[in-house]
Amino acid sequence: MVVHSAAERVLAGLDPEQRSAVTAPAGPVCILAGAGTGKTRAVTSRIAHRALTGDISARHVLAVTFTARAAAEMRARLSALGVGGVQARTFHAAALRQVRYFAPRLLEGRAMPELLDSKVRVVTLAAAKVGLRADRAAARDLAGEIEWAKSSLVEPGEYVVAAAKALRETPYEPAKVAEVFDAYERLKRGNGVIDFEDMLRAAVWGIEEHADVAEQVRGQYRHLVVDEYQDVNPLQQRLLDAWLGGRDDLTVVGDASQTIYSFTGATSSYLVDFPRRYRGATVVRLVRDYRSTPQVVGLANAVISQARGAEARLRLELHGQRPPGPEPDLRIFTDEPAEANAVAARCRALIDGGTPAREIAVLFRTNAQSEAYEKALTEAAVPYVVQGAERFFERPEVRQAMIALRAATRSIPGETPLPAAVVEGLAAVGWAPDAPPAGGAARERWEALAALVQLAEEYAATPEVVPIGEAVAIERPVTLGDFNEELARRAAQQHVPTVEGVTLASLHSAKGLEWDAVFLVGLAEGTLPTTYAKTPEQVEEERRLLYVGITRAREWLWLSYAAARSPGGRARRPSRFLPQLDRSGGGERAGGGTARRTERRRAQVVSCRICGATLLAGADRKLGRCPTCPSDLDEELYERLREWRQRVAGAQKVPAYVVFTDATLTALAERKPGRTEELIAIAGIGPRKLGLYGDTVLALVAGAGVDEVCPQKSFEI
């Protein structure tokens, strides 16, 4: 009775589609989960519900993810649901655990080879052996090609043909890359080391070639769950098949519209073909988006609705569940520096308005675009962090801080509260909790160490419960030593704390993350889609990248591109993936036919007088500024203009907007025109209204009272 009530609590609050996924019968289940639709909740609830109803034992579940962060979140959610014992790990962590466990049996007493942290050093040596002098960037490109080949189950001798079939953009002539690949494999074997792909292959080999290992692994893991199934590569699928051993108690979760890693060997074909491979599989579609406002969801749907190809067959139309929010802000700038400066200024305004810096992200197609935004944010005194540029726990200042904190356990009294002890320990590396540096590398260093202090405060808020007897326990405050152990554990799992700063990230590294405010920048042809996208399949992946970027935003979304890369540079077009822009303007109509009005409006380009963006919406063009740029409205003038408009409308017996709209009055009160030329530049004031009201409006702007320009008696009948 207690168990079933706990299982019922798991179902509480789920929407109908999530409930269908959770209660689906044992066997093959495919959950197609759109961005923000609660896929993690659905899959963890499915595991918990099955465990709590006795359908499965939690210790027989293996849930595999693609990041340590996702695995940690899955474990935390399962624990909160009252289910422990589930193994939630990345593919690599699960394989490493199994290889290490079975190493004595598989290697017949030999030591397990050392695992390479990075291929770059060995690849550099391999390149030299075949006559190539590869710098660090070239070595990284070669390492990427080797990873793609090994993940795709391609051997060195097969690389040239496979690369041609896959239309790979190789860093060197394919035959030369194959030589480097072969030399790399020889160097590894000679030095007794393996890479991550070797480890996955070893796990596959152990199961496929050793019946006793297969029996033990499959006896332990009877129910498998795979998150982000659209990102599985052939080597990972081979390992998954080895774990399954022909069984079908498999739940996969994915979204074909978020397939963006094909360059690494990932393929959505396993997700697309799942119902054909597993006849009778249960397929559930999650389409209620709880992350983003309906405005953001609408734009995402508009972008992905144009998709073509295999992935488009599984396209989901999302339905926003949040209250309405602001419309996505679409802007055009003269050049990239202007775009970066405007983004930095808006970030500064958001932070000043109360949005935490960590809830803002600037996303771009390539890492090379980061530099302009780092410079602009530094000049605007906006803190930032670069996602994926360097692992947090590998940063020199963080490593030095961890050494200093370990040393501090010998000098700081044990009763010192943890946050104070960490601050005192960090003094040894020159950190102090006063005002941070203005910006740049020094500010970034300060913020990284500040993140350790914040982590200590969070850690100290959870005292350790120590049992001292039957049914008796006490709370023990955590110590600096405990915190050092926690840091070591996080470093091993790359479970990084949150650093306070605007996130700069490529669209690829932003997947799986979300922010309150997102800037999607550089949305021009040649950048997104990149010039390297030559086939229809490659172009569609670029479209999916934009879709992923849009769906990272919870509430506020900015999309922009620069008409030229540099001041005075060659003009370029906006990304073909952007929705059709309204370039017709929105001013009130002057005389003349439709063709003449259209020609006039196309010729007129109105820019924001504050940030310089090209204004597209009619109301924005009247104001002469973007709706999100700060207003300099003269409220006293605005009220005088409203009173004057009311008197004129009353005398003419017409609605007030016929005289001037609210937007026109606002523009007048903001821009305060002093001459006829400035007055007629405001959209909504054509020749007719200039003749009727021009002199009066200029007098009001100059300070005249309403009674002066239109005495009450003049309107008496």
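So here's what we get for this one:
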| item | result |
| --- | --- |
| Prolate/oblate/rounded call for region 217-269, Cα gyration tensor, a/c under 1.5 rounded | prolate |
| Given charges at beta-carbon only (K, R positive; D, E negative), |dipole| of the chain in Debye | 1860 debye |
| Using a Förster distance of 51 Å, the FRET efficiency for A381-E486 (Cβ separation, nearest 0.05) | 0.95 |
| Gap separating the Cα centres of region 268-289 and region 143-172, nearest whole Å | 29 Å |
| Amide hydrogen neighbours beyond the local backbone of D329, cut-off 5 Å, H modeled | L557, W558, L559 |
| Accessible area, probe 1.4 Å, largest first, for residues W243, W205, W556 | W205, W556, W243 |
| Sum of -39500 (n - 2.57) over DSSP H runs of 4+, divided by residues of the chain (222 nm, nearest 500) | -14500 deg cm²/dmol |
| Farthest toward positive dipole pole in the chain [+1 Lys/Arg, -1 Asp/Glu at C-beta], among A381, G27, W243 | G27 |
| Whole-number accessible area per residue in Å² for the chain, which is evaluated in the context of all protein chains at 1.4 Å | 47 Å² |
| Nearest 10 degrees, 0 to 90: helix 211-220 Cα axis against the chain principal axis | 50 degrees |
| Accessible surface of the chain, 1.4 Å probe, proportion on carbon and sulfur as whole % | 52 percent |
| Which label in [x] 29.5, 99; [y] 30.8, 110; [z] 27.2, 88 gives the computed Rg and Dmax of the Cα atoms in Å | [y] |
| Peptide ranges 138-146, 207-215, 280-288 listed from the most packed, as the mean C-beta count within 10 angstrom indicates | 138-146, 280-288, 207-215 |
| Per-residue SASA entry for L513, accessible area with 1.4 Å probe, Å² rounded to 10 | 30 Å² |
| Ranked order, I360, I403 - accessible area, probe 1.4 Å, largest first | I403, I360 |
| Estimated inter-spin distance, A26 and K165, nm [label 7 Å along Cα→Cβ] | 3.8 nm |
| Region 296-425 - charge dipole about Cα centre, Lys and Arg +1 at Cβ, Asp and Glu -1, debye rounded to 20 | 460 debye |
| Protection-proxy order for peptides 179-188, 77-86, each taking the mean of Cβ atoms within 10 Å per residue, highest first | 179-188, 77-86 |
| C-alpha long axis of helix 39-52 to longest principal axis of the chain, angle in ° | 40 degrees |
| Cα-centre dipole for region 204-288 with unit charges at Cβ (Lys and Arg positive, Asp and Glu negative), debye to 20 | 400 debye |
| Amide H contacts of L286 (H built 1.01 Å from N, under 5 Å, at least 5 apart or other chain) | L32, A33, G34 |
| Candidate residues E485, E636, E447: accessible-area rank, largest first, probe 1.4 Å | E485, E636, E447 |
| DSSP bridge orientation in the chain - percent antiparallel, rounded to nearest 5 | 20 percent |
| Principal-axis tilt of helix 536-550 within the chain, Cα atoms, nearest 10 degrees | 70 degrees |
| Debye log10 I(q)/I(0) for region 300-372, one point scatterer per Cα, at q = 0.15, 0.24, 0.25, 0.27 Å⁻¹ | -0.83, -1.17, -1.19, -1.24 |
| Cross-link table K653/K689; K375/K672; K39/K188; K39/K165, entries beyond 28 Å C-alpha to C-alpha | K375/K672; K39/K188; K39/K165 |
| Per-residue ³J(HN,Hα) for region 632-640, Karplus 6.51 cos²θ - 1.76 cosθ + 1.60, θ = phi - 60°, Hz, x for Gly and Pro | 10, 5, 8, 5, 5, 5, 4, 5, 5 |
| 5 angstrom amide H check on A562, placed H, neighbours 5+ away | F333, G522, L523 |
| Cβ-based charge dipole, the chain, positive-most Cα from A183, L665, S5 | L665 |
| Low-density loop positions, trypsin sites (Lys or Arg not before Pro), region 632-717 - DSSP coil, at most 14 other Cβ in 10 Å | K653, R675 |
| In sequence order, calculated HN-Hα J values of region 81-89 (Karplus, 6.51, -1.76, 1.60; Hz; x Gly/Pro) | 7, x, 10, x, x, 6, 8, 10, 9 |
| L692 versus R570: modelled label distance in nm, points set 7 Å from Cα along the beta carbon direction | 5.0 nm |
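The values are calculated or read from the model by the stated rules, or taken from the named source; none is laboratory data. All values reported here derive from a predicted model rather than from experimental measurement. Cβ: placed from backbone, ideal geometry, glycine included. Neighbour counts: every protein chain shown. Just so you know, the surface numbers come from the protein's heavy atoms only, side chains and all, with ligands and any DNA or RNA stripped out. Shrake-Rupley method; radii C 1.70, N 1.55, O 1.52, S 1.80 Å.
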